[in-house]
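J.: The structure is given below, and queries will be raised subsequently.
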Amino acid sequence: AVLVAGGAWGWSSATTPIGVDATSGYANATVTIPGGFWLASFGALFLGISVAVQPARAAVLGALYALCEGFCLGAISAMFDAQTDGIVGAAILSTVCVFVVSLLLFMTRIVKPTQKLAFAVIAGMGGLALLYFFVFILSIFNWGWLYSDSFRSIGIVVTIVAIVLAALSLVLDFGTIEAGVQAGAPKEFEWYLGFGLMVTLIWLYISILRLLALLARNR
């Protein structure tokens, strides 16, 4: 709820000037990032690390993280929606669908939160991190490559992999929550588990939003 409230705040704070070409009638919508975006970004990063280090403070710090992260997500979503109308609604619906499917796979034990699955997800996330770092280094020397058709095709494949990893991470989150309940973990631990579930959903939403944007550019 706090994340959604922050998202609405960030969305409404983003200004959307529309420049119209009088000769052709073509309208080009752009979004100006709201003030405080980078402050909220670094704040979310600091709060996320603080919660990971001190799970007992997840009730307060997790809510503050949700507000800052929601503000950033709202502004980013406004940017994507200005370029491709309806993309945010499609990304939200897709995120909910993936969440429901992941929950059903977990409840039916078709996919089990085993140590092998956890290792595969962690290894995949590490590989993605290295790939993103490699692309960042390449972009320093050849910025135009990021807008090429070959990079767009690679980006689609990599983003699909990220979505699959995020979905499997949801299964691991469900398993951790179930294990905490069965072990009789302290009640305040539920805030930390809720925080972890929220972070995974944010990752999933951003990945789906990026995939839809790449597909829209291909059209």
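The values are calculated or read from the model by the stated rules, or taken from the named source; none is laboratory data. Quantities reported herein were computed from a predicted structural model and do not represent experimental measurements. Positions of Cβ are backbone-derived with ideal geometry, glycine not excepted, and every protein chain shown enters the neighbour counts. Surface areas here come from the heavy atoms of the whole protein model, side chains and all, with no ligands, DNA or RNA. Shrake-Rupley method; radii C 1.70, N 1.55, O 1.52, S 1.80 Å.
J.: Report the residues of region 101-129 in range of a label on residue 161: point 7 Å along Cα→C-beta, backbone N strictly under 19 Å from it.
T.: 117-129
J.: Just reorder 107, 198 by solvent-accessible area, largest first, 1.4 Å probe, all chains present.
T.: Sorted by accessible area, descending: 107, 198.
J.: Take each uninterrupted DSSP H stretch in the chain, measure its Cα extent along the helix axis, and return the ones at 27 Å or beyond whose mean Kyte-Doolittle hydropathy is at least 0.5.
T.: Helices meeting the span and hydropathy rule in the chain are 58-83, 87-107, 115-141, 149-182, 189-218.
J.: For the chain, which whole percent of the accessible surface, found with a 1.4 angstrom probe, sits on carbon and sulfur atoms?
T.: 73
J.: On a full-extension model of 0.36 nm per residue, what is the gain between residue 101 and residue 133, subtracting their alpha-carbon distance, rounded to one decimal in nm?
T.: The residue 101-residue 133 span can extend by a further 8.4 nm.
J.: May I pose another question? With a ≥ b ≥ c the root eigenvalues of the C-alpha gyration tensor of region 161-219, is it rounded (a/c under 1.5), prolate (a/b larger than b/c) or oblate?
T.: Prolate, since a/c reaches 1.5 and a/b exceeds b/c.
J.: Taking 0.36 nm per intervening residue step and subtracting the Cα-Cα distance, what contour gain separates residue 93 from residue 125 on full extension?
T.: Taking residue 93 through residue 125 to full extension adds about 9.1 nm, to one decimal.
J.: Most fluctuating residue of 135, 31, 158 in a GNM of the chain with Cα springs under 10 Å: which is it?
T.: Of 135, 31, 158, the Gaussian network model singles out 135 as fluctuating most.
J.: Okay, helix-only estimate at 222 nm for the chain: each DSSP H run of n ≥ 4 adds -39500 (n - 2.57), divide by all residues, round to 500 deg cm²/dmol; what do you get?
T.: After summing the helix terms and dividing by the residues of the chain, the value is -27000 deg cm²/dmol.
J.: Considering only protein heavy atoms, what is the solvent-accessible area of residue 188 at a probe of 1.4 Å, reported in Å² to the nearest 10?
T.: Rounded to the nearest 10, that gives 110 Å².
J.: Quick one: ranking 132, 192, 205 by accessible area, 1.4 Å probe, largest first, what do you get?
T.: 132, 192, 205
J.: How much accessible surface does residue 109 have with a 1.4 Å probe, in Å² rounded to 10?
T.: 90
J.: On average, how much accessible surface per residue is there in the chain, in Å², for a 1.4 Å probe, leaving out ligands, DNA and RNA?
T.: I get 59 Å² per residue for the chain.
J.: So for the pair residue 154, residue 12, with labels modelled 7 Å out along Cα→Cβ, what separation do we get in nm?
T.: Taking the simple label geometry, residue 154 and residue 12 are separated by 4.2 nm.
J.: Springs between alpha-carbon pairs under 10 angstrom, Gaussian network model over the chain: which of 160, 49, 140 fluctuates most?
T.: Fluctuation is largest for 140.
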